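Report on one structure; see the data block that follows.
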Amino acid sequence: MDESGIKKQNWDVKETELFLEILKELDMKKCLDGRKVRNNKLFKVAHRRMTAAGYHRSVDQLKFRWKLLKSAYYKCKREPDSTAATKIQGWWRYEKTMVAIMESRHPLVGAGVHSDRNDEVTEDSDGEASMLHWPQQQPCTDNTTQNLDLIIKMDPEMDSQLKIGFIGAGNMAFGIAKGILSGNVLPVNVKVGAPSSRNLGRFQELGISVTHSNVEVVGSSDVVFVAVKPHLVPQVLSEVSQHVTDRHVIVSVAAGVTLATLEELLPENSVAIRLMPNLPCVVQEGALLFARGSHAKQEDGALLRSLLHRCGLVEEGPEAWIDIHTGLSGSGVAFVYLFAEALAEGAVKMGMPSALAHSIASQTVLGAGRLLRDSGKHPAQLRSEVCTPGGTTIYGLHTLEQGGVRASTISAVESATERARELGRKSAAGSRK
């Protein structure tokens, strides 16, 4: 990434505080002085921890931020009365931690950045204060204070020691397994169970052990993904319930099955998390949303983020959003495929060979999606940038609007969401029988 691209990314004060606390903790563990935190391996570890905390920065962005903070530190050392460092909004909150890092003074984690002042304005990466608020990337959706010690200790390197199990061997399980294995989890620490051998072969090709016993999966795992059809969840959890202990984290990816249903089917005080991934997890470009149950702690959510961050975008939200996410992203990928198919068929109608039309359509969807994600612009803004007065695009968009594409898409998300809620009600009723 070029430097100009890095500068476009704004940092809020809390994110910078967390970043420096992570660097400080890494320095203590490795007995390095501050100047050695430029080490690339250290920044990769810092990147994993920031990602686990819900902040999505590249390694290059972390390095650039550190370069800026370090320059401000040296400026203060050379010219103690200079106001240059104050161009970094919130510098007064970072100064003690920077001194601890740069001068090898290592107070306890969290001791260097507390203050009674309330400074929540955002800042540009080039040090100039900005009046525009960058969207907050909150690690958690509740209003509790972020526990820096917790996130620092939730090192994704710990993932390699975890035992992961999957009950169910469908596409979702396979996509999540591939993502997890692209991180730090070893294939020998993963086990997949399914009643049929039909889908187990592809897991074995990844070096994952397989079984036909759900009880065996639970007994040999710390984190268990329940990836079966919604109507099978009560049967599966009833089978394994007596083998679930307080060491387990049970993660359900079954559409519509509520946390209340999961907790009713599991032993008292069990840790349950409801997760909704989507099919692009198979290529590590998924969109995943999870909600924690009443006994799942913040560190359980951080652990799940750490495990899944290679699968794509991972966010936490209230359970009410899960069914909406199902309609938006779980089912939404099929809506996108339908549109891509229609794009290609339109080109075929106008005389283009089918294979070429489908190839260009898929690349068009891919390119448009990446630009939408990476630019941070609203879809309407990007759409307007494509249109020219009296040009081809505005004529095509007019035809789409006449066909009701916008209203139909909104209705499709609504219908899929309502169906997810209906499945939840049926699952809840089935679990009480």
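The values are calculated or read from the model by the stated rules, or taken from the named source; none is laboratory data. All values derive from a computational prediction rather than experimental measurement. Backbone-built Cβ (ideal geometry, glycine too); neighbour counts: all protein chains shown. Areas reflect the complete protein model, heavy atoms only, side chains present, ligands, DNA and RNA absent. Shrake-Rupley method; radii C 1.70, N 1.55, O 1.52, S 1.80 Å.
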Ordered by residue, what ³J(HN,Hα) values in Hz, to whole numbers, does the range 342-350 give under the Karplus form 6.51 cos²θ - 1.76 cosθ + 1.60, where θ = phi - 60° and Gly and Pro are x?
5, 4, 5, 5, x, 5, 5, 4, 8
Leaving ligands and nucleic acids out of the surface, order Glu17, Glu79, Glu345, Glu319 by accessible area at 1.4 Å, largest first.
Glu345, Glu79, Glu319, Glu17
Given pairs Lys41/Lys163; Lys24/Lys178; Lys44/Lys191; Lys63/Lys178; Lys41/Lys297; Lys70/Lys96 and cut-off 21 Å on Cα-Cα distance, the over-length ones are Lys41/Lys163; Lys24/Lys178; Lys44/Lys191; Lys63/Lys178; Lys41/Lys297
Starting from the Cα-Cα distance between Arg78 and Lys44, subtract it from 0.36 nm times their residue separation and give me the gain in nm to one decimal.
9.2 nm
How large is ³J(HN,Hα), in whole Hz, for each residue of the range 299-308 in order, when computed from phi with the Karplus curve 6.51 cos²θ - 1.76 cosθ + 1.60 and θ = phi - 60°, using x for Gly and Pro?
5, 5, x, 5, 4, 5, 4, 4, 5, 9
Can you list the residues, at least 5 places off or on another chain, whose amide H is less than 5 Å from the amide H of Val314, using H built in the peptide plane?
Leu288
Lys377 accessible area, 1.4 Å probe, all protein chains in place, Å² to nearest 10:
70
Using modelled backbone amide H atoms (1.01 Å from N, in-plane), which distant-in-sequence or interchain residues come within less than 5 Å of Lys163's amide H?
Asp222, Val223
What nm distance separates the two modelled labels at Ser415 and Ser71, each placed 7 Å from Cα along Cα→Cβ?
5.5
Treat each spin label as a single point 7 Å out from the Cα along the C-beta direction, and report the Asp374 to His398 distance in nm.
3.4
Does anything in the range 297-329 have its amide N under 19 Å from the 7 Å Cα→Cβ label point of Leu206, and if so which residues?
303-315
Assuming a ≥ b ≥ c are the square roots of the Cα gyration tensor eigenvalues, decide whether the range 327-411 counts as rounded (a/c under 1.5), prolate (otherwise, with a/b larger than b/c) or oblate.
rounded
Net length gained if the chain between Glu264 and Asn199 were fully extended (0.36 nm per residue, minus Cα distance):
20.4 nm
What does the C-alpha gyration tensor say about the overall shape of the range 159-317? Classify as rounded when a/c is under 1.5, otherwise prolate if a/b is larger than b/c, or oblate.
rounded
Out of residues 5 or more away from Ser209 or on other chains, whose amide H comes under 5 Å of its own, with H placed 1.01 Å from N in the peptide plane?
Val190, Val192
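Write down the accessible area per residue of the range 327-411 in Å², having rolled a 1.4 Å probe over the full set of protein chains.
72
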